[in-house]
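Everything on this sheet refers to the single structure shown next.
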Ligand code: SF4
């Protein structure tokens with residue numbers, strides 16, 4: 001990031017939080033700290049904090065390795081072990097990292113898992129991934145099965161089913177691993193802190209409704225979601241981070257400024273877009289540049305909802321801790337059906353007054369790439385605004401074709417321009 005970006009207090013805070021977290025992990029052998037490997041969707045961070053377990057998130061390690069250009073080597077290690085080209089590249093990157101000494105993205109060694117906590121939400125790969133990790137490590141594994149929202153909503157029996165698993169399986173396993181008795185008041189305390197952070201986080205993403213948008217809700221959004229979807233929800237540090245971020249955003253709104261980009265300040269915003277799909281981590285900055293050089297800002301994205309949805313009013317509830325953990329898991333974006341995802345994108349296009357929407361279809365993510373062309377067609381039809389489509393991958397650089405994507409984007413922006421001319425013509429004729 002440029003000097004302008006480095007001055008932002010929120011970024012400095014986040015950098016420190018992450019460095020301290022990885023430092024704690026690296027020193028686990030000396031301190032005796034225990035950890036849980038788990039996933040972002042359906043994460044039970046508050047519960048882990050209750051047992052003083054440090055969260056380790058394999059998909060975050062994979063994406064951070066990709067941003068540091070280390071993923072290609074790890075994927076190659078996994079493929080040599082026999083993992084097919086079609087396997088989710090997060091998985092191959094993670095397995096490759098493990099076989100390469102389990103040195104994490106910050107360059108320090110990650111401890112072996114004290115427990116594998118498999119929160120299963122919507123993607124079958126999660127299950128296969130942890131089966132592989134189970135074969136790599138000698139540690140307990142516990143699974144939380146989250147029923148899929150096939151009908152676009154969850155029921156009380158689904159929630160009760162999760163609560164029962166928490167009571168009968170997850171909590172007893174975490175007690176055994178941590179050597180600590182479950183303390184409901186401690187869980188309530190972390191949930192209170194979560195709720196505070198969540199209130200602030202919603203305001204951050206809502207800022208995309210302002211014109212010009214002070215945030216980029218996809219590229220910039222990746223940084224905004226990091227504290228709340230990783231190790232820091234339920235901690236005071238997440239609240240402090242969002243306070244700092246909101247203060248910066250309010251200043252930017254007051255001055256009519258756009259988001260900070262790697263080159264400094266974003267200039268004129270010609271296109272307001274909604275995006276479906278994750279960014280391409282191996283070429284994160286190249287891709288971002290293709291947008292901001294054309295004056296395109298992302299005002300809302302589905303990726304910032306993978307770890308949990310707050311816009312419909314959900315907050316962690318200290319008065320109903322286990323029920324609310326269950327509701328959180330049920331609500332994350334990966335647990336939503338195709339029609340529910342389509343409705344949500346339509347809503348974003350309208351609520352955020354977007355000129356159109358784009359889909360980044362990820363080659364190796366079979367779970368979420370399937371059906372995206374249907375989403376595209378339907379959102380176009382329902383909103384009357386142009387949709388665009390391009391393909392890349394999460395952490396495998398072999399699937400990033402800069403020229404192709406640039407061409408696609410340029411044609412897409414032209415499409416928006418044509419649409420504008422057309423609308424102008426209709427108004428003046
Ligand atoms: S959702 Fe996609 S990217 Fe995530 S684990 Fe499943 S297949 Fe991989």
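Every number here is computed from the coordinates shown, using simple stated rules; none is lab data. All values reported here derive from a predicted model rather than from experimental measurement. Please note: Cβ atoms are built from the backbone with ideal geometry, for glycine as well, and neighbour counts cover all protein chains shown.
Brief remarks on what is shown
- For segment 303-429, the gyration tensor built on C-alpha atoms gives an oblate shape. Its axis ratio a/c (a ≥ b ≥ c) is at least 1.5, and a/b is not larger than b/c.
- Pairwise FRET efficiency - residue 180 versus residue 293, Cβ, R0 = 41 Å, nearest 0.05: 0.20
- Largest mean-square fluctuation among 240, 396, 312, in a Gaussian network model of the chain whose springs join Cα atoms under 10 Å apart, belongs to 312.
- Here each label is just a point 7 Å from Cα along the line to Cβ, and for residue 423 and residue 167 those points are 5.3 nm apart.
- Ranked for footprinting exposure by Cβ neighbours inside 10 Å, fewest first, 153, 305 give 153, 305.
- Sites residue 407 and residue 199, calculated FRET efficiency, Cβ-Cβ separation with R0 45 Å, nearest 0.05: 0.60
- Nitroxide proxy distance, nm - points 7 Å out along Cα→Cβ at residue 30 and residue 108: 0.9 nm
- Footprinting exposure proxy for 400, 368, 74 (fewest neighbouring C-beta atoms within 10 Å first): 400, 368, 74
- On the basis of the beta-carbon distance and an R0 of 25 Å, residue 270 and residue 347 show a calculated FRET efficiency of 0.60.
- Spatially, segment 359-373 and segment 312-357 are offset by 19 Å when compared through their Cα centroids.
- Of all the options 238, 78, 150, the one that moves most in a Gaussian network model of the chain with Cα springs shorter than 10 angstrom is 150.
- Paramagnetic label reach from residue 415 (point 7 Å along Cα→Cβ; backbone nitrogen cut-off under 17 Å): within segment 335-374, residues 345-346, 349-350, 354-362, 371-374.
- In this simple spin-label approximation, residue 246 and residue 338 carry label points 7 Å from Cα along the Cα→Cβ vector, and these lie 3.9 nm apart.
- Against the chain, whose longest principal axis comes from its Cα atoms, helix 58-67 is set at around 50 degrees.
- Antiparallel content of DSSP bridges confined to the chain, in %, to 5: 10 percent
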